[in-house]
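Accompanying notes for the structure given below.
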Amino acid sequence: AGLIIVVVIFMLLEREDLRDRFIRLVGYGDLHRTTEALQDAGKRVGRYLLMQLVVNILYAIPIAIGLWILGIPNALLWGLLALALRFVPYIGPAIGMLLPLFLALAVAPGWS
């Protein structure tokens with residue numbers, strides 16, 4: 001995960017250079033159309049990630065409230081972790097569920 005974050009940071013810092021390289025690689029013959037396609041793709045991906053963030057927030061709020069009602073320590077932290085892990089397909093929500101579950105088992109007085 002750390003390696004991915006570092007690569008994304010460097011890609012964001014050099015996005016104009018990467019865009020120019022991509023244009024030279026793919027569509028140097030029709031520069032205007034290639035640039036428009038890249039801008040359109042960027043807008044669509046940005047809109048998708050924004051909507052994904054909204055869905056993840058609406059997913060994390062009930063989880064944080066439910067954990068707080070159950071008396072789990074640091075319920076807000078677990079809600080934020082569920083929000084972040086929801087971006088990971090398939091396994092993210094499962095990991096976000098298992099960690100507070102194990103904590104609930106550990107702190108419950110009569111769990112044995």
Legend entry - Gaussian network model of the chain, Cα within-10 Å springs - most flexible of LEU77, LEU98, LEU13: LEU13
Legend entry - Förster radius 35 Å - calculated FRET efficiency between LEU18 and LEU99 (Cβ-Cβ, nearest 0.05): 0.50
Inset, instruction - With r as the distance between the Cβ atoms of GLU36 and VAL6 and R0 = 22 Å, compute the FRET efficiency 1/(1 + (r/R0)^6) and round to 0.05. - result: 0.10
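In Å, what Kirkwood hydrodynamic radius results for the range 2-107 from the alpha-carbon pair distances? Don't skip to the answer; put the middle values down first.
Values: mean 1/r = 0.0601 Å⁻¹.
Evaluated over the range 2-107, this radius sits at 16.6 Å.
We did not get these values from a lab; they are worked out from the coordinates using the rules stated. Just so you know, these numbers come straight off a predicted model, no measurement behind them. All Cβ positions, glycine included, derive from the backbone under ideal geometry; neighbour counts span all protein chains shown.
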